[in-house]
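Trainee: The structure follows.
The values are calculated or read from the model by the stated rules, or taken from the named source; none is laboratory data. Predicted model only: the values in this text are computed from it and were never measured. With ideal geometry, Cβ positions are generated from the backbone for all residues, glycine too; neighbour counts draw on all protein chains shown. For accessibility, only protein heavy atoms count, side chains too; no ligands or nucleic acids. Shrake-Rupley method; radii C 1.70, N 1.55, O 1.52, S 1.80 Å.
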Amino acid sequence: MAAFNHQELQTSSDLLRAIAHPLRMTILEFIDQKKVINVNKIYNTLKLEQSITSQHLRILRNADLVEAKRDGKFIYYSLNYDKIDHVNKSIISFVERSAAIELTESDFAGE
């Protein structure tokens, strides 16, 4: 069995922590629906305070889950689908490895 890479686990944990917050999930879903959206539209439509929206978007940017593009005084956000796909694949791989370990351990339980 392959050993866990601590840095990879830490990165995955940080990504999942960024995604797991209910408000950040709402923001991600909203951006996904719009594809590209101005930050003002995010907080006005979702009826959030600008400062709270900015804090959550900063966390999502730091996790590389959203991309920000400046156009003059406006900032537009879009999802980083490659990163999200990587997170999804990592989770699936982890679950599959965990299931395989459980099956192997249950084989030894009967001995």
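Trainee: Using the structure shown, decide if Ile59 is within 14 Å of Ile84 (Cβ to Cβ) and among the aliphatic types (A, V, I, L, M). Spell out how you get there, then give the answer.
Mentor: Numbers: within 14 Å of Ile84 (Cβ to Cβ): no; among the aliphatic types (A, V, I, L, M): yes.
Here the answer is no, as Ile59 does not meet what is asked.
Trainee: Condition first: exposed (fewer than 10 other Cβ atoms within 10 Å of the Cβ) and either touching a Gly at 6+ places or on another chain (Cβ under 8 Å) or modelled with pLDDT of 95 or more (or both). Now tell me which residues in segment 1-34 satisfy that.
Mentor: Pro22, Gln33
Trainee: Scan segment 83-96 and tell me whether some residue there is surrounded by 15 or more Cβ atoms within 10 Å (Cβ to Cβ) and at pLDDT 95 or above.
Mentor: no
Trainee: Using beta carbons and a limit of 8 Å, which pairs, at least six apart or on different chains, have the first residue in segment 21-39 and more than 15 Å from Ile84 (Cβ to Cβ) and the second one open to solvent by less than 70 Å² (accessible area, probe 1.4 Å) and of a type in the set (S, T, N, Q)?
Mentor: Sorted first by the residue in segment 21-39, then by its partner, the pairs are Val36/Ser78; Ile37/Ser78; Val39/Thr53; Val39/Ser54.
Trainee: Go through segment 38-92 and give me each residue that's closer than 16 Å to Ala20 by Cα and of a type in the set (Gly, Ala, Ser).
Mentor: Ala63, Ser90 - these are the residues of segment 38-92 that are closer than 16 Å to Ala20 by Cα and of a type in the set (Gly, Ala, Ser).
Trainee: Still on this structure: Within segment 43-67, how many residues are part of a helix (DSSP H, G or I), without any contact (Cβ under 8 Å) to a residue 24 or more places away in the chain and either open to solvent by 60 Å² or more (accessible area, probe 1.4 Å) or not polar (S, T, N, Q) (or both)?
Mentor: Of the residues in that region, 7 qualify.
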